[in-house]
Amino acid sequence: MKAAVWHGRKDVRVEDVPDPPIPPPGQVKVEVACCGICGTDLHEYLGGPIYVPAQDPHPLTGAKAPVILGHELSGKVVDVGDGVSRINKGDRVALCPIIGCLECKWCKSGLMGICPNVAFLGVSWHWGGFAKYVNVYEYMCYHLPEEVPYEVGALVEPFAATVRAVKRVGVKPEETFAVVGTGPVGVMALQAARIAGAGQIIAIEPAEKRQQLAIQCGATAVIDPVKNDAVSEINTLTGGEGVDVVIECAGLEKTGLLAGHIVKRTGRIMVMGVFEEPAVFDFTDLVYGEKTVMGSMGGYGVFDDAIQMMAKKKFNGQPLITGKIKLDDIVSKGFDALIRFKEKHAKILVIPD
Ligand SMILES: [Zn+2]
Ligand SMILES: [Zn+2]
């Protein structure tokens with residue numbers, strides 16, 4: 001089969017690799033329908049290895065570079081291994097990419113995403129979604145109802161991550177939210193907040209296309225932090241108080257600082273952005289304002305909730321899909337397009353052939 005394989009920094013090749021074997025016990029084989037390109041893939045492409053095991057095999061899975069990338073996928077189950085009971089041949093599924101040891105206290109308490117030996121499909125696993133087939137554990141599969149098309153199904157993974165983040169940070173009815181950075185994750189986060197009952201949802205985003213996307217997906221106001229002073233704009237919109245909750249989705253020092261300054265006293269900040277470097281934060285303000293900062297890792301535990309929101313059409317996925325490409329074009333029309341024309345794109349889906 002054809003697959004997009006990470007060999008090294010700036011070295012992702014579409015090449016022929018062997019098909020996955022008949023699934024071993026506890027695993028199933030999925031024929032990939034769509035697989036979204038994620039910021040993580042771009043980080044591995046541009047600056048990796050970050051999570052790709054390049055030197056030593058991954059301690060849990062034994063996977064080692066070169067690895068097939070791709071972890072945001074939907075598809076159809078075409079074969080099941082021994083002992084698989086919940087998933088059947090022909091099922092439509094979305095996949096959770098998190099692979100835990102299933103033995104540590106975190107895995108046992110339902111927090112597989114923070115397992116010390118955690119591995120990920122499409123990063124530190126033998127198979128990845130930028131290919132025709134993947135073998136995965138049964139527990140990674142979530143049923144996708146007919147109402148959710150495969151294209152939207154490829155958004156389950158990133159959307160579930162935002163559903164979980166919103167659940168962790170909590171929403172009281174009519175609370176005011178701000179989302180800093182409305183790329184794909186930010187736009188999904190604002191939808192998750194809207195569905196959970198948030199009142200005013202303010203998007204803070206400099207790129208025009210992404211501002212429009214935010215409005216289309218439920219933002220009640222947009223602030224351009226380059227043209228305007230975001231802190232005073234927020235004060236105007238919130239009667240001088242600041243917002244109840246900020247979801248930080250940009251991962252920059254300045255946006256982290258901004259998040260701290262626009263949240264009201266006793267407010268909460270949820271960090272979803274991936275910071276490439278440790279960043280400075282105004283901790284004194286945190287103390288004086290009795291503010292809370294927290295993080296959230298992946299969507300483990302809320303996949304079915306996220307899928308239900310899609311099935312009931314509460315989640316609007318189509319505006320997020322700004323490109324559909326073939327596997328052969330993944331570098332030029334996928335990675336490079338996302339890097340060079342970042343503002344024009346949200347999600348690009350790869351359709352393997
Ligand atoms: Zn991702
Ligand atoms: Zn574990």
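Per residue, the average separation of C-alpha pairs within less than 8 Å and at least 6 apart gives region 159-295 a relative contact order of 22 percent. Positive contributions from Lys and Arg (+1) and negative ones from Asp and Glu (-1), summed over other residues with Cβ under 12 Å from the Cβ of E253, come out at -3. Taking the Cα centre of region 159-295 as reference, the dipole from Cβ charges on Lys and Arg (+1) and Asp and Glu (-1) amounts to some 500 debye. Computed over region 99-211, the convex hull of the alpha-carbon atoms projects to a mean area of 9.4 nm².
Rg ratio for region 244-311: its Cα radius of gyration over 2.2 N^0.38 Å, N being its residue count, equals 1.28. With only Cα atoms counted, region 1-69 has Rg and Dmax values of 13.0, 36 Å. Along its three principal directions, the equivalent ellipsoid of the chain from the Cα gyration tensor extends over semi-axes of 34, 21, 20 Å, largest first.
Residues whose amide H comes within less than 5 Å of that of C101, counting only those at least five positions distant or on another chain, are N117 (H built at 1.01 Å from N in the peptide plane). The helix-based estimate of mean residue ellipticity at 222 nm for the chain, built from -39,500 (n - 2.57) per DSSP H run of four or more residues and divided by its residue count, is -7000 deg cm²/dmol to the nearest 500. Residues whose amide H lies under 5 Å from that of E72, counting only those 5 or more places away or on a different chain, are G36; hydrogens are built 1.01 Å from N in the peptide plane. Once backbone amide H atoms are built at 1.01 Å from N, V246 has A178, R268, I269, M270 as its partners under 5 Å, excluding neighbours fewer than 5 places away on the same chain.
Using bins of 5 Å that start at zero, the share of Cα-Cα pairs per bin across region 159-295 amounts to 2, 12, 24, 26, 22, 11, 3, 0, in whole %.
Per-residue packing, averaged as other Cβ atoms within 10 Å, sorts the ranges 48-61, 128-141 into the order 128-141, 48-61, beginning with the highest. Note: relative contact order over region 97-194, using C-alpha pairs below 8 Å and six or more positions apart, is 18 percent. Dividing the Cα radius of gyration of region 1-119 by 2.2 N^0.38 Å, with N the residue count, gives 1.13. Among DSSP beta bridges lying fully in the chain, give the percent that are antiparallel, nearest 5. In the chain, DSSP labels about 55 percent of beta bridges as antiparallel.
None of the figures in this text is laboratory data; all of them are computed from the coordinates on show. Note that the structure is a prediction, hence the values are computed from the model and not measured. Cβ coordinates were reconstructed from backbone atoms using ideal geometry, including for glycine residues, and neighbour counts include every protein chain displayed.
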